[in-house]
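Contents: one structure, followed by commentary.
The values are calculated or read from the model by the stated rules, or taken from the named source; none is laboratory data. These numbers come from a predicted model, not from an experiment. For neighbour counting, all protein chains shown are included, and Cβ atoms are generated from backbone atoms with ideal geometry for every residue, glycine included.
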Amino acid sequence: MEEVKETSAVHDVTELEKHYLLGTYARFPVVFTKGKGVFVEDINGKKYLDMISGLGVNALGYAHPRIVKVIREQAAKLIHISNLYYNQYQGPLAKKLIEASGLSRVFFSNTGTEAMDGAIKFARAHGHKVGGEGKFKLVAATNSFHGRTYGGMSLTATAKYRDDFKPLLEGVTFIDLNDIEALRAAVDDSTCGVFLETVQGEGGIFECTSEFLQAARQVCNQHRAALVLDEIQCGLGRTGEMFAFKHHGVTPDILTVAKPLAAGLPLGAIIVTQEIADVISAGKHGTTFGGGPLACRTALEFLSIIEEDHLLEHVQKVGAYFHQELVNLRDNFALVREVRGRGLMLALDLNIPSRPYADAALVAGVLINSTHDTTLRFLPSFITEEKHVDKTIKVLKKLLKKKIE
């Protein structure tokens, strides 16, 4: 397998981390220092085409001029103010998210996993109100990933994320994604929430079917449970709609978003119906940093750029092109089992381990991600063009011909 050559500059950075950081990341051996558009540059001056965009965070690429301008202006005015006081940007940002989602109220967090923990609290508080203390159970899907806090891990089925940290939250039942009969069997009057990723991201890009989501909506209505959709990775334009659930004609009671919301600054949100909002009064939930003026103003600019530059349409167009090019790879290489996803959230599933291909693509100057052992995941920025797709496909063709072990 090809490897990145380690220079003294890279060595200095990595050795310092080895001595002082917890070894929680299987990092690629590269140190990035700056980026522009869809490209990022390492400490040695080599440029890379980024087709993972910070795991979906950098949806506008790097150093977008409007984002840079807003951050500079706001940082000079007010970065943080306690949530004991108002700032100018939480209300306008909440209004935008409510208008786009069709829900009623917003709580701002720092991260996606914090949003998921808040969603569990909100679902349980609502369950207790409508069904008493015994209405606390949660249903989630196998192959899921909802974060690394105790709440998020409790809803994440994959053993490697959870086993070393047990015991987790009680009362969680897992069902297979898109298994309607299992869903109906798992949800009863003791269930307070059904938690689903509209598109499973870390699990390898598996999408809920419309029929499954409609069944989830029906069973939640029947048992007065909250339907909670985790769109931390798949939401905010990634699939070509502002929210992935819009493809399916189903509206959740609780929606979580995060990754691209503030264009690289930490910001997440829990968006809820009025019925859920009514059970959360002052003091029942809170955050020190969530919803600060810098992040919220930047998020408003992000949403304005999405609208004014017609980026949802662009995601649909380039995503369809990318999907077809991946299908062409599947049809021409026996190593490729399947192509999955929509918009700019796509997967190329192999019949051998995928990490060596991500490593080799790095050497070739393209950043892609390996997940779920055999899947190459693509989450490029919304400003990606067809020529960037062509470069990625060219690299993949070369690598697939080699059959890297």
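To keep it simple, each residue is scored yes or no on (1) more than 28 Å from Thr209 (Cα to Cα); (2) surrounded by fewer than 23 Cβ atoms within 10 Å (Cβ to Cβ).
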site: Leu344; (1), (2): no, no
site: Pro353; (1), (2): no, yes
site: Pro356; (1), (2): yes, yes
site: Ala364; (1), (2): yes, yes
site: Asp373; (1), (2): no, yes
site: Pro380; (1), (2): no, no
site: Ile383; (1), (2): no, yes
site: Lys387; (1), (2): yes, yes
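Determine the pairs where a residue that is within 28 Å of Ala347 (Cβ to Cβ) and assigned by TED's automatic domain parsing to the domain that holds Ala182, located within the stretch 206-235, has a partner that is of a type in the set (Val, Ile, Thr) and assigned to a helix (DSSP H, G or I) with Cβ atoms under 8 Å apart, the partner being 6 or more residues away or on another chain.
Glu211/Ile180; Phe212/Ile180; Ala215/Ile180
Among the candidates Ala115, Ala182, Ala119, Ala186, single out the residue that is buried (at least 17 other Cβ atoms within 10 Å of the Cβ), without any contact (Cβ under 8 Å) to a residue 12 or more places away in the chain, touching a strand residue (DSSP E or B) at 6+ places or on another chain (Cβ under 7 Å) and not aromatic (Phe, Trp, Tyr).
Result: Ala182 is the single residue among Ala115, Ala182, Ala119, Ala186 that is buried (at least 17 other Cβ atoms within 10 Å of the Cβ), without any contact (Cβ under 8 Å) to a residue 12 or more places away in the chain, touching a strand residue (DSSP E or B) at 6+ places or on another chain (Cβ under 7 Å) and not aromatic (Phe, Trp, Tyr).
Please return the ranges of strands (runs of 3 or more DSSP E) entirely within the stretch 254-370 where 1 or more residues are hydroxyl-bearing (Ser, Thr, Tyr).
In the stretch 254-370, 254-257 are the strands (runs of 3 or more DSSP E) which contain 1 or more residues that are hydroxyl-bearing (Ser, Thr, Tyr).
Hey, any hits in the stretch 62-73 for a residue that's touching a residue at least 40 places away in the same chain (Cβ under 8 Å), in a helix (DSSP H, G or I), surrounded by 12 or more Cβ atoms within 10 Å (Cβ to Cβ) and among the basic types (Lys, Arg)?
Checking the stretch 62-73: at least one residue is touching a residue at least 40 places away in the same chain (Cβ under 8 Å), in a helix (DSSP H, G or I), surrounded by 12 or more Cβ atoms within 10 Å (Cβ to Cβ) and among the basic types (Lys, Arg).
Can you go through Leu138, Leu177 and tell me which one is in contact (Cβ under 8 Å) with a residue 24 or more places away in the chain, of a type in the set (A, V, I, L, M, F, W, C) and assigned to a strand (DSSP E or B)?
Only one candidate qualifies: Leu138.
Pick from Ala258, Ala216: which is among the small types (Gly, Ala, Ser), closer than 24 Å to Asp189 by Cα, buried (at least 23 other Cβ atoms within 10 Å of the Cβ) and touching a strand residue (DSSP E or B) at 6+ places or on another chain (Cβ under 7 Å)? Before you say what the answer is, go through the steps one by one.
On the way: Ala258 fails: closer than 24 Å to Asp189 by Cα.
Just a single option satisfies the conditions, and that option is Ala216.
Looking only at the stretch 373-405, which residues are part of a loop (DSSP other than H, G, I, E, B) and not small (Gly, Ala, Ser)?
Passing the criteria: Asp373, Thr374, Leu379, Pro380, Phe382, Ile383, Thr384, Glu385, Lys403, Ile404, Glu405.
Select from the stretch 49-93 the residues that are under 18 Å from Val315 (Cβ atoms) and among the aliphatic types (A, V, I, L, M) and list them in ascending order.
Leu49, Met51, Ile52, Leu55, Val57, Ala59, Leu60, Ile67
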